[in-house]
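The values are calculated or read from the model by the stated rules, or taken from the named source; none is laboratory data. For clarity, every value in this text was computed on a predicted model and none was experimentally measured. Here Cβ is always computed from backbone atoms with ideal geometry, including for glycine, and neighbour counts include all displayed protein chains. Side chains are part of the model used for accessible areas, which takes the heavy atoms of the whole protein and leaves out ligands, DNA and RNA. Shrake-Rupley method; radii C 1.70, N 1.55, O 1.52, S 1.80 Å.
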Amino acid sequence: GGKTGVDTPNGKNLVGAFHSPAAVIIDPAVLRTLPSHQFRSGLAEAVKHGAILDADYFAWIGEHVRELLALEPAALEHLITRSVQLKAGIVSADPFERDRRAILNFGHTVGHAIERDSGYTMPHGFAVAAGMCIEAMLGEECGVTQAGTSSALANLLSRLELPVRAEFAAESVLDAMTIDKKARSARPRFVLLRNIGECATDPHGTWTHAVDPGALLNVLSAATLTSDSRLTAP
């Protein structure tokens, strides 16, 4: 992606730089060396690519859940190839994230805040999975996202053995989002879907949205859990 970043006690990726790689080498067989929870974390990012850019790819993932979880080579090769194509197209057109590249942050405004609230014990992809569902719920609450979108996301993520909710303190997550790199004047901004495969712009043509604080707190409060074993990485 061309971005380097490190976490600080205040939040995710707050220190870093843009630096394009000289080359990218991908060996799908390496995925077999990962712990299961780390592999599934990667699947969350693939789902994100379909959700923001390609409804057909999103549907394909849903049709190949069994093969993907079994790490079948042909399924993994298609998953990686299509995700790379989608992300590379966005990054090459907007390398410094001044415009549409922001859509790659779908699920990450809430997801990063959930990670921080967990003390970074939750795998990144798990937090992003829950973050995508919550941000889709928020989009529906604001009348931007087509009804049923959050349910479609939750269905696919659950089948991939990823969480669709998380255990967190709503107020703490809300506070963490005020220092997110997409925040403006300490007010968090969100990538909102129009529907599966398409993101929505705000009335000013910007790819992130400011939302009503009351609606945000309502959605966060509805999305918290007291406990969920799926959130505990083995």
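Assorted remarks:
- Gyration tensor (alpha-carbon) shape descriptor, region 1-106, a/c threshold 1.5: prolate
- Cut-off under 5 Å, modelled amide H: who pairs with ASN195 long-range: GLN146
- Calculated SAXS-style log₁₀ I(q)/I(0) at q = 0.10, 0.12, 0.14, 0.15 Å⁻¹ - region 73-202, Debye, Cα scatterers: -0.33, -0.48, -0.67, -0.77
- All other residues whose Cβ lies under 10 angstrom from that of ALA127 are scored, Lys and Arg at +1 and Asp and Glu at -1, for a net of 0.
- Gaussian network model of the chain, Cα within-10 Å springs - most flexible of PRO73, PRO21, PRO123: PRO21
- Per residue, region 1-127 exposes 50 Å² of accessible surface when a 1.4 Å probe is rolled over the protein heavy atoms with every protein chain present.
- Using just its DSSP H runs of length 4 or more, each adding -39500 (n - 2.57), the chain gives a mean residue ellipticity at 222 nm of -15000 deg cm²/dmol after division by all residues.
- Each part gets one Cα centre, and for region 26-65 versus region 140-212 those centres are 20 Å apart.
- The chain, accessible surface, carbon-and-sulfur percent (1.4 angstrom probe): 53
- In the list (i) 28, 22, 17; (ii) 43, 19, 16; (iii) 25, 20, 19, the label attached to semi-axes √(5λ) of the Cα gyration tensor in Å as derived from the coordinates here is (iii).
- When the Cα gyration tensor is reduced to axis lengths a ≥ b ≥ c, the ratio a/c is 1.5 or higher for region 76-143, and with a/b above b/c it is classed as prolate.
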